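A.B. asks: First the structure, then my questions, so here it is.
Only the coordinates and a few stated rules stand behind these numbers; no lab work does. None of these values were measured; they are calculated from a predicted model. Backbone-built Cβ (ideal geometry, glycine too); neighbour counts: all protein chains shown.
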């Protein structure tokens, strides 16, 4: 099977995917609506959409939204968006049953978000960029990574795999 490519020659994958981003075999159905290529949202729009996807158990798709923001957003925010995208990938690994990948990506994502915070002066923009509760996201990522690293995925409360980015 040849891979789909955009007009610039970059690879694309039009194959349908399940809710966790796994490719479905051709002919098995439409799959889940993914994130369009070239998505460009404001920071607040990206935060809202990624929050909805995370809470709906679609961390792979939240990762795509966050990745688009890191690629199109201001360079000073790259670590914020990239770190959040890595947290979403960690959640994807957890949903798929990959404990090792989940713990590693959750920790790596939290570390990258902290690198962003270290460069931003204290104030509301630092802890709540675009309405996101960064402290809560970091605490959830740290707690989940530690739990998975020490006890695995078997007894993770289902709600811990559905964190949000915005306040409750």
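A.B. asks: Does residue 139 meet the test of being touching a residue at least 12 places away in the same chain (Cβ under 8 Å) and assigned to a helix (DSSP H, G or I)?
C.D. replies: no
A.B. asks: Can you find a residue that is assigned to a helix (DSSP H, G or I), more than 16 Å from the chain's Cα centre (by Cα) and on the phi > 0 side of the Ramachandran plot anywhere in the range 121-133?
C.D. replies: Within the range 121-133, one or more residues are assigned to a helix (DSSP H, G or I), more than 16 Å from the chain's Cα centre (by Cα) and on the phi > 0 side of the Ramachandran plot.
A.B. asks: If you don't mind, there's one more thing I want to ask. For the range 91-104, state whether one or more residues are part of a helix (DSSP H, G or I), surrounded by fewer than 16 Cβ atoms within 10 Å (Cβ to Cβ) and without any contact (Cβ under 8 Å) to a residue 12 or more places away in the chain.
C.D. replies: Within the range 91-104 (the criterion being part of a helix (DSSP H, G or I), surrounded by fewer than 16 Cβ atoms within 10 Å (Cβ to Cβ) and without any contact (Cβ under 8 Å) to a residue 12 or more places away in the chain), the answer is yes, since at least one residue qualifies.
A.B. asks: Looking at residue 165, is it in contact (Cβ under 8 Å) with a residue 40 or more places away in the chain, within 14 Å of residue 43 (Cβ to Cβ), within 11 Å of the chain's Cα centre (by Cα) and surrounded by 14 or more Cβ atoms within 10 Å (Cβ to Cβ)? Explain how you work it out, then say what you get.
C.D. replies: On the way: in contact (Cβ under 8 Å) with a residue 40 or more places away in the chain: yes; within 14 Å of residue 43 (Cβ to Cβ): yes; within 11 Å of the chain's Cα centre (by Cα): yes; surrounded by 14 or more Cβ atoms within 10 Å (Cβ to Cβ): yes.
The answer is yes for residue 165.
A.B. asks: Shifting gears a bit: Being crowded, with 16+ Cβ neighbours inside 10 Å, more than 21 Å from residue 75 (Cβ to Cβ) and free of Cβ contacts under 8 Å to residues at least 60 places away in the same chain, is that true of even one residue in the range 114-129?
C.D. replies: no
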